[in-house]
Structures are given as structure tokens and as C-alpha cells.
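Inspection log for the structure reproduced underneath, given as C-alpha cells.
The values are calculated or read from the model by the stated rules, or taken from the named source; none is laboratory data. In this text the structure is predicted, and so the values were computed from the model without any measurement. FYI the Cβ positions are ideal-geometry reconstructions off the backbone, even for glycines, and counts take in every protein chain you see. For the accessible areas, the whole protein counts, side chains as well, though only heavy atoms, and no ligand, DNA or RNA atoms are used. Shrake-Rupley method; radii C 1.70, N 1.55, O 1.52, S 1.80 Å.
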Amino acid sequence: MVEVRLRVNGADASLDLPPQVSLLDALRERLGLTGTKKGCDQGACGACTVLADGERINSCLALAVQYAGREITTIEGIAGDGPGHPLQAAFVRNDGLQCGYCTSGQICSAIGMLAEHGAGMPSAVTEHLCADGAELTDDEIRERMSGNLCRCGAYNGIVDAIREFAAAEAER
Amino acid sequence: MRPFSYVSAPDVATALRAVADDPGAKFLGGGTNLVDLMRAGIEQPDTVVDITSLPLAEIGERPDGGVRIGALVRNSRLAAHPLIRARYPVLSQAVLAGASAQLRNMATVGGNLLQRTRCPYFYDRTAACNKREPGSGCGAIGGFNRGHAVLGVSGACIAAHPSDMCVALAALDAVVEVESVRGVRRVPMASFHRPPGETPHVETDLSPDELVTAVELPPSPTAANSRYRKVRDRASYAFALVSVAAALEVRDGTVTGVGLALGGVATTPWRARRAEHALLGAPATEESFRRAAEAELAPATGLPGNAFKIEMARRAVTATLRRLLTEGSPA
Ligand SMILES: Cc1cc2nc3c(=O)[nH]c(=O)nc-3n(C[C@H](O)[C@H](O)[C@H](O)COP(=O)(O)OP(=O)(O)OC[C@H]3O[C@@H](n4cnc5c(N)ncnc54)[C@H](O)[C@@H]3O)c2cc1C
Ligand code: SF4
Ligand code: FES
Ligand code: FES
């Protein structure tokens, strides 16, 4: 057992864990934060996406002990106690989900993605690598979100929701 | 997952000592390959030495004009770095073509160099696999081998090397810096990965107690005009069937500099020396490109499941060079 001090959604939690426990299992099984989902447990689906210091990662391939002291944000932290996050509302308005299993991961991933895009990071479909800030076209959104699979195939609604939210944020 | 003990190394000396004293120890980078393989029971270390706190996460210019990349630089940071985007665009593109954004945020340069094959028989502990269990046979040779290699193969193993980043590093003549308690040494990319031969479980030139500390990119005027092309079963988030990293310099219609490497088709990141040899000094024309691609693929041996890759690789090489000639680099 090792003592792991996690910081999740702004609160500190100290857990005694065997080092093989993933961050995903620590969140779900020890902290009761079941918003983060387990799809493949192999890094291949994105359902387990959370933010670590604002960067999106797959919590299924992260050992909890390796993320001690990092600022972890899950969908519960993004939603907050109030009416929820505007990106959640955009998903609902645009039919960005059917069963909803992939949705927490999609939303955490989209928030991380918009921060990456805002910082000028290119993607595999960015035509000019050195140009400042590639425009967030639908092709860019699809490529940058390709780490999140949706077995229901709600992709069109997901892209619509992200585009709508990003445009509203840009106007603020 | 088999239980193990966990140590986080604060500095390189501690990390090196931890593995030197313990043959069952393994370094942990981003964990995107090692944790997966441990969960599948394929890797079973007694001790996991977390190296992500080591001060090896910088990218900097070298006095000779080249670039030094710390082994703990995350893949996403590598691809986005201004020096890499401007001077070695093929490397940015190759990294961005691999895995997903989440995985690239976790994965390190050292881990990417040492990632293991995605051969499905290697992952299936009930299957025969000489790489996982020397002498047990190879499930892929008479089985499902659509993703497997056509170059550098042996009768013991035909697993394709999965990395995109490494293909660009091979084309760029990168050098890997490694350190152990015995000291520091430099290994050129061309000899870092080993073809399977009769010992497919030996994959690199590295001893188990050696730590990759950095990758060095030599200065290169050719590298600024470079591109990566990846052919795969879906548009994103899939391993390569065929990939090409190419750098090209043309003066007065003649090829004066070239770096070429192939991914998805070979057991190691494949430096295309035959094609480079055919191209240097040749006119920069479609015909030369095609001839160079043919020379490179001449020794390829396909199986019913993967022979399609031979023609696919020829076309991908030709198309990448053509695009570099007509459109230049994506920088
Ligand atoms: C779903 C999925 C899709 C993927 N798709 C692609 C793809 O399309 N293209 C591609 O190229 N890759 C792909 N990958 C693989 C990914 O790039 C690798 O898993 C990643 O680069 C490994 O880096 P890491 O830091 O996480 O390594 P780890 O998992 O931490 O380590 C991997 C190995 O390297 C060793 N190691 C790590 N660092 C060092 C060091 N500094 N010195 C010595 N040894 C070290 C470890 O002991 C271990 O054996 C994919 C992975 C997944 C899970
Ligand atoms: S190709 Fe190599 S890794 Fe795959 S089953 Fe054969 S021996 Fe194992
Ligand atoms: S559960 Fe982590 S990527 Fe699928
Ligand atoms: S909404 Fe069902 S998996 Fe995406």
C-alpha cells in the first residue's frame, strides 16, 4: 500500500492504495466519482478522459500514485453545483449524445481540446504548422476529438455542440 | 495487474541506481504502453521506477544548430514546439499523426522510442508468440497479418514497429542519448531498434538498466522541407498500415539532399537507404521517385494478408516526394 494524496475538483483526498490502482479506479471506486466512465480500460476509447492540471489524459492508463499532487478535474468538477457547464447545455441542445456513456469523456476532452487550440497547438489536419492559431473548422474539431469514440455515433451533434460553445466563448 | 513496488526517482542518479540494483525493475514514463501491457500480464515488473519527475523535459538548441529533446518531453509538447514545427516539420506531423491528443499529453519521447508492437498475438497470452515467449512459435505468420511487416522480417517474427515518431527520427538521422551507471553513450537511430532475426524478444540496442535521456537532431537544411504521410484504416486514431517520413532538397531540378524512412511496413523504423541512394543526384521527377520507391521495396516479402502494403508503400513514397516537390513543407 502507498499513501496517495490526490487533489480532485479542488478538494484533497488521501487514499491508501496498492500502486497498481489506476486513477480511473481511484476516482470511481474509492472517491465515488462515477461520472468518469470505463469503456475499454486500454486507452482506446476516451470514456475515462479527465483533466490533469488542465490537460486531458486517459485516466485508465494513469496510475493514481503517479498523479499525486496534480490538480485533477472530472465531469463532477466541471458541472459544479449549479445549473451545469454551458458546454453540457450545448451537448443537450445539439443532440450530442444518445446513451450518454461517452459524454463525460467527450466534455472533459473538449475543454482540454479548446485550451490546446487556444494555446496555438497544431493538429494532424492543420495545413500550416507555423501559422498562429488554426481556425477551428469542423475538420479540426473532428481530428482533435478523435480520441473520444461514441458507439452511438452522435458525432455530428458533438461537433455542433463544440462549435457552438467555442463560438459563444469567443464572443464573450 | 501483478502487484509491484513503486518508486518515484527525483534525479537521474537515483533512477539509474534503482534499476541497476534490481533486474525486475522497469522505468515508467507516461505509462500509456507499460500500464496497458502490465494489465494484460505481458509485462510483470517487480518494481516500477517512475521517471516523470526527472529534469529531462526540455527542448533546446544545440551549439551546432541542432536540437536536443529531453526524454521526458511529452509527445504533445514535442509536436507543438516552435523549433520542431519550423525546422523539422516531419517530426511534428508524425507525432500528431499518432495515438490521440489524450495519449500524446501523457506519452514521453523515451516511452515512444521503446513502445512495443501492437501485434494482436503478442497481446493474447493464449497465442503462440516468439516475442512474448521465445520458442513458442508465431501466430501471425500463418494467421491474421494485415497489420504486419513486409521488410526486415524473419521466420520467427513479422511484427511491425508501431511508432510514427520513430519513423521521422529515422529520416532525420537522430541520435539517442542513453545513460546507465556505466556512463553515457550515443546510439544512432539506425542501430537503436533491432530486426527480429532469431531473437524477436530483443527489440533494441538498450540494456535493461539503461535510461534514454535525450534525442538529438542534427542540424539539417534538408529537414525544413519535410513531410509525413500516414495511410491507415480510419482517418485518425489508428496505427499506420504504411507511413512515409521524407525530407527533400532540390537544386536546379536535381535532388541534392534526401532523408526517407518508412513506418507500418517494417519490423523497425525503416530507413530507406536504397531509395535515398537512387534519389541523390537524380532529376527530381515522378519517374525518379517511382524508381526509388521500387528499389526500396524490392526486397519486401508479403504474405496473403499484408502483401497489399508493398504497392501501397511504393505509392505513398512517390506521393510524399511529389507533394514535397510541388507544395513544399507544411511549416
Ligand atoms: C489506443 C492507443 C493508440 C495508439 N496509437 C499510436 C499511433 O497511432 N502511433 C504511435 O506512434 N503510437 C501510438 N500509440 C502508442 C503511444 O505512442 C505509446 O504508448 C507512447 O508513446 C509510450 O510512451 P509512454 O511515455 O507512455 O511510455 P511508457 O508506457 O511509460 O513506457 C513504455 C516503455 O518504455 C520504457 N521507457 C519509458 N521511458 C524510458 C526512458 N526514458 N528510458 C528507458 N526506457 C523507458 C518503459 O520501461 C516501457 O518499457 C498508441 C497507444 C494507444 C494506447
Ligand atoms: S509477429 Fe512477432 S509479435 Fe506477432 S505473434 Fe509473431 S512473433 Fe509474436
Ligand atoms: S477507458 Fe480509458 S480510454 Fe477507454
Ligand atoms: S452517446 Fe452513447 S456512446 Fe456516445
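Of B:31, B:228, B:99, which is farthest on the positive side of the dipole of the protein assembly as shown, counting Cα position, with +1 on Lys and Arg Cβ, -1 on Asp and Glu Cβ, and the Cα centre as origin? Working it through, the farthest residue towards the positive pole turns out to be B:228. As a size descriptor, the averaged projected area of the C-alpha convex hull of segment A:86-171 was calculated at 5.2 nm².
Kirkwood-type hydrodynamic radius, chain B: 20.1 Å, calculated from all non-identical alpha-carbon pairs.
Quantify how strongly other chains surround peptide A:59-69 by giving the mean number of their Cβ atoms within 10 Å of each of its Cβ atoms.
Across the residues of A:59-69, the mean count of other-chain Cβ atoms within 10 Å is 5.
Here the relative contact order of chain A, from alpha carbon pairs under 8 Å that lie six or more residues apart, stands at 22 percent.
Note on chain B: with a GNM built from Cα contacts shorter than 10 Å, the maximum mean-square fluctuation among B:111, B:24, B:263 falls on B:24.
Largest GNM mean-square fluctuation among B:213, B:126, B:285, using chain B with Cα springs under 10 Å: B:126. When you count the other C-beta atoms within 10 angstrom of each residue and take the mean per peptide, B:179-185, A:67-73 line up highest first as A:67-73, B:179-185. The mean of 1/r over all distinct Cα pairs in segment B:5-53, once inverted, gives the Kirkwood hydrodynamic radius of 10.8 Å.
Computed with a 1.4 Å probe over protein heavy atoms only, the accessible area of residue B:287 comes to about 110 Å². With helices as the sole contributors, chain B gives -8000 deg cm²/dmol at 222 nm; each DSSP H run of n ≥ 4 counts as -39500 (n - 2.57), and the sum is divided by every residue. Extents of the protein assembly as shown, taken as max minus min of Cα coordinates on every principal axis and listed largest first, are 68, 56, 50 Å. In segment B:100-120, comparing the full protein assembly with the chain on its own, the residues that lose 40 Å² or more of accessible surface at a 1.4 Å probe are B:101, B:102, B:105, B:106.
Hydrophobic, long helices, defined as DSSP H runs whose alpha-carbon span along the helix axis is 24 Å or greater and whose mean Kyte-Doolittle value is at least -0.5, occur in chain B at B:308-327. Computed on segment A:2-77, with alpha-carbon pairs under 8 angstrom and 6+ residues apart, the relative contact order is 39 percent. Under the criterion of Cα pairs below 8 Å and six or more residues apart, the relative contact order for chain B equals 17 percent. Could you tell me which of rounded, prolate or oblate describes segment B:213-310, using a ≥ b ≥ c as the square roots of the eigenvalues of the alpha-carbon gyration tensor, with rounded for a/c under 1.5 and, failing that, prolate when a/b is larger than b/c and oblate otherwise? Taking the square roots of the gyration eigenvalues as a ≥ b ≥ c, segment B:213-310 is oblate. Once chain A is represented by equal point scatterers at the alpha-carbon sites, with solvent omitted, what log10 I(q)/I(0) does the Debye formula produce at q = 0.17 Å⁻¹? Each listed q corresponds, in turn, to -1.03.
Straight Cα distances below 24 angstrom link residue B:309 to the lysines B:131, B:230, with same-chain residues fewer than 8 positions distant left out. In units of the compact-protein estimate 2.2 N^0.38 Å, segment B:1-117 shows a Cα radius of gyration of 1.14. Got a sec? Which residues in segment A:151-172 would a label at residue A:89 touch, if it sits 7 Å along Cα→Cβ and we count backbone N under 17 Å? In segment A:151-172, the label zone of residue A:89 (backbone N under 17 Å from the point 7 Å along Cα→Cβ) covers A:161-172. Shown here is the pair-distance distribution of segment A:2-77: with all Cα-Cα distances grouped in 10 Å bins from zero up to the longest one, the shares run 22, 61, 17 percent.
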